[in-house]
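Engineer: For reference, the structure I am asking about is given below.
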Amino acid sequence: MEGSVLKEALNISDLLGEHGAQFQISTKYNDHGEEFFMEDDYGSADEDEDAHRKIMSPWDRSFDELRAQMFMVSEFVYKRITKQGVGDELVPDRARVTIDYNAYFEGETYAFDSTSMRGEYKTFTMGKDEVLVGLEEAVQSMKPSEEAQFVIGYQVLFGELGCKPRIKPKADALFIVKLVSYTDPGDAEALDNLTQEEKTSYAVVKEKVADTRTHAKDYFKRNMVANAINDYHKAVNYLEGCHVKNEEEQKEQTETLIALYTSLAVCYNKKDNPRRACSMINEIRRLGNIDRMSRALFHEGRALMNLGDYERAKTSLLKAQRLESTNKDIGKELKILNERWEKHRQEERAICARAFGLKERKDERQTDEQVKFTNTMKQNLEEFVADERSKQFTLPEGLTSKEMNIVQDLADEFNVKLNLYKENSKDFYRLEKKKVGGEGDK
C-alpha cells in the first residue's frame, strides 16, 4: 500500500521537541504513477522528475529482506555501504557532523524526512541528543564521503508508540545517508574540570589545552571569533599557571604559548582590533625571537597597517617575506600596504597644500547642491566656534573633493584646523580649534 505524500518534509527535531510538529498531506498526485510537482517549483519536467526519483525509496520489499543483505552495526542498526568513504577514521565522539539523508518508513514510497526536500544539509554535534539515537549510531559508523543505507529499529527511533497518525507504533525506518564532512570541535570544558592539583601539572594541562585549542579553531572556522578568543585566552591562562619540571617541558610550554598568542593576533585582526593584535605580538616577543616567525610578523604587519603605522608595517611584512619568499599572501598584503600608504601620502599633501594656500583652484561656479552644502557647513562651524566646550568637529564620511575644498575654505575663514586621522583602518577628517597663541600651528 502506498503511503501519503507530505507537502513539506517532516523535521525530526521539531517532531521530538516540546511543541511537536504540524504537517499536511499533499493531494497533488494519484496512485497511478503520474509525475507530481512540488509547489513553487518552476523548473523543467526533467528536473522535477529527477528530484522526484531522489526522494523515492529505493527498496520496495520488506525490511527483513533488506537486513539480510546488511551487516549489524548495533543491536537495532543494520548497514549496507553503497559508496566507500575516505580514510580509516570513523566519526569520533563530540564531532560536529554534516550529513545528507532521506528517511523512509517500511512499505512507503516517499520520504518522511529529507534534507533533499529541505534543500540543505543537516549539521549536528554527536552526543548532544540533537538527532534520533539510531541515526547518531548509524552516522558514527561512517567515514568521510561515505554513502550507506541503514535499517534502524523503532527502539532507537520513535519507540513503541510512535507518533500517531503519521508515525505508526514500532515503526522501523530506512535511512539513506551521505556523510558530507565532520570536524572535531574539541572539549569546551576540558580545562574547567581540572582539580587544583591538576592545574599545576604541566603534563595534565597540556593535554587539556590541546582540546581547548581544537575547540577554539572550530569556533574560528564557524566565524564565532569572539568565542575563539575566549578559548585561546583560557588556554594561555592555564598554561602559564602550571609548573614545568625540566627544560624540555619549558621549551614545549613556550612553543605552545607562542602558537596561542599568534592565534589570538589572527583573531584580533579579524575582529578589526589591531591594538589588541599588537599586544599579542608583544607577548610573542617576550617569549622568543619573532624575526624567525613569519606568521607572527605577517599579522604584526597587518595590525600596524590598520593602525596607520605604514613604515613599521612594511618592515614586519618584508621580514616575513624574507622568511617565506614564495608566500603569495605576504605579497598581496605588501601590495595593499603600498596602495594605502600612497593614498595616505596624497591626502597629507592635499591637506598641506590647502592649509598653506599652495594649491591652485579654478574659479568654478557652485552648483545648487554645493551652495546648500556651503550654507549648512557654515552654520555648523558658527555653532562649533561659539560653543566654548566643543574642541573638535568630525566631518561625515564620503565627502567629495569639491566639498572638502569648501570645508577647507570655511576652516580658514573661521580660523580652525582641518586634520586627517585614521582609526580601525578608516580615514576620517576632523576640524579642531587652534590653541591660543598659535600653538596649534606648530
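Engineer: Just one of the numbered conditions (1) within 25 Å of ARG94 (Cβ to Cβ); (2) part of a strand (DSSP E or B) is not true of VAL151; which one?
Structural biologist: (1)
Engineer: Give the residues of segment 83-105 that are in a strand (DSSP E or B) and closer than 13 Å to LYS178 by Cα, sorted by residue number.
Structural biologist: If the condition is that a residue be in a strand (DSSP E or B) and closer than 13 Å to LYS178 by Cα, then LYS83, VAL97, THR98, ILE99, ASP100, TYR101, ASN102, ALA103 are the ones that fit.
Engineer: Can you work out which of the residues in segment 59-77 that are over 10 Å from GLU106 (Cβ atoms) and in contact with a helix residue (DSSP H, G or I) (Cβ under 9 Å, 6 or more places away or on another chain) is most open to solvent (accessible area, probe 1.4 Å)?
Structural biologist: Filtering segment 59-77 for residues that are over 10 Å from GLU106 (Cβ atoms) and in contact with a helix residue (DSSP H, G or I) (Cβ under 9 Å, 6 or more places away or on another chain), the one most open to solvent (accessible area, probe 1.4 Å) comes out as GLU75.
Engineer: Any idea which of (1) open to solvent by 60 Å² or more (accessible area, probe 1.4 Å); (2) of a type outside the set (Asp, Glu); (3) farther than 20 Å from LYS217 by Cα; (4) out of contact with any Lys or Arg (no Cβ under 9 Å at 6 or more places or on another chain) is the one LEU323 doesn't satisfy?
Structural biologist: So LEU323 meets the others, but not (4).
Engineer: Taking ALA320 as the residue in question, decide whether it is modelled with pLDDT of 90 or more and in a helix (DSSP H, G or I).
Structural biologist: yes
Engineer: Restricting attention to segment 222-239, does a residue exist that is over 31 Å from the mean Cα position of the chain (by Cα) and assigned to a helix (DSSP H, G or I)? Please lay out each step first, then the result.
Structural biologist: First, the residues of segment 222-239 that are over 31 Å from the mean Cα position of the chain (by Cα): none.
Taking every residue of segment 222-239 in turn, none turns out to be over 31 Å from the mean Cα position of the chain (by Cα) and assigned to a helix (DSSP H, G or I).
Engineer: Consider VAL131 against the criteria (1) touching a residue at least 60 places away in the same chain (Cβ under 8 Å); (2) in a loop (DSSP other than H, G, I, E, B); (3) open to solvent by 40 Å² or more (accessible area, probe 1.4 Å): it satisfies all of them except one. Which criterion is unmet?
Structural biologist: In the conditions (1) touching a residue at least 60 places away in the same chain (Cβ under 8 Å); (2) in a loop (DSSP other than H, G, I, E, B); (3) open to solvent by 40 Å² or more (accessible area, probe 1.4 Å), VAL131 misses (3) alone.
Engineer: Which of the residues that make up segment 245-272 are open to solvent by 50 Å² or more (accessible area, probe 1.4 Å) and in contact (Cβ under 8 Å) with a residue 12 or more places away in the chain?
Structural biologist: Once the filter is applied, which keeps residues that are open to solvent by 50 Å² or more (accessible area, probe 1.4 Å) and in contact (Cβ under 8 Å) with a residue 12 or more places away in the chain, segment 245-272 yields LYS245, GLU252, LYS270, LYS271, ASP272.
Engineer: Filter segment 154-198 down to residues that are open to solvent by 50 Å² or more (accessible area, probe 1.4 Å), in contact with a Gly (Cβ under 6 Å, 6 or more places away or on another chain) and free of Cβ contacts under 8 Å to residues at least 60 places away in the same chain, then give me how many there are.
Structural biologist: Going through segment 154-198 one residue at a time, the tally reaches 1.
Engineer: Do we find a residue being more than 25 Å from the chain's Cα centre (by Cα), modelled with pLDDT of 90 or more and aromatic (Phe, Trp, Tyr) anywhere in segment 151-168?
Structural biologist: yes
Engineer: Picking from ASP192, ASP231, which residue would you name as being acidic (Asp, Glu) and modelled with pLDDT under 90? Walk me through it before giving the result.
Structural biologist: Working: ASP231 fails: modelled with pLDDT under 90.
Answer to the check: ASP192.
Engineer: I've got another one for you. Mind checking which residues of segment 284-312 are closer than 16 Å to ALA259 by Cα, free of Cβ contacts under 8 Å to residues at least 24 places away in the same chain and in a helix (DSSP H, G or I)?
Structural biologist: Selection gives ARG285, ARG286, ILE290.
Engineer: Name the single residue, out of those in segment 388-418 being more than 18 Å from LYS433 (Cα to Cα) and of a type in the set (D, E, K, R), that is most open to solvent (accessible area, probe 1.4 Å).
Structural biologist: Within segment 388-418, the match that is most open to solvent (accessible area, probe 1.4 Å) is GLU397.
Engineer: Let me ask something else about it. Kindly establish whether GLU364 is at pLDDT 80 or above and either closer than 23 Å to ARG312 by Cα or open to solvent by 70 Å² or more (accessible area, probe 1.4 Å) (or both).
Structural biologist: No, not satisfied.
Engineer: Restricting to segment 91-125, count the residues that are open to solvent by 10 Å² or more (accessible area, probe 1.4 Å), in contact with a helix residue (DSSP H, G or I) (Cβ under 9 Å, 6 or more places away or on another chain) and over 25 Å from ARG67 (Cα atoms).
Structural biologist: Matching residues across segment 91-125 total 4.
Engineer: Of the conditions (1) open to solvent by 50 Å² or more (accessible area, probe 1.4 Å); (2) at pLDDT 55 or above, GLU47 satisfies every one except a single condition; which number is it?
Structural biologist: GLU47 satisfies all of (1) open to solvent by 50 Å² or more (accessible area, probe 1.4 Å); (2) at pLDDT 55 or above except (2).
The values are calculated or read from the model by the stated rules, or taken from the named source; none is laboratory data. For clarity, every value in this text was computed on a predicted model and none was experimentally measured. Neighbour counts are summed over all protein chains in view; Cβ atoms, including those assigned to glycine, are modelled from backbone coordinates with ideal geometry. Remember, those area values only see protein heavy atoms, side chains included, never the ligands or the DNA or RNA. Shrake-Rupley method; radii C 1.70, N 1.55, O 1.52, S 1.80 Å.
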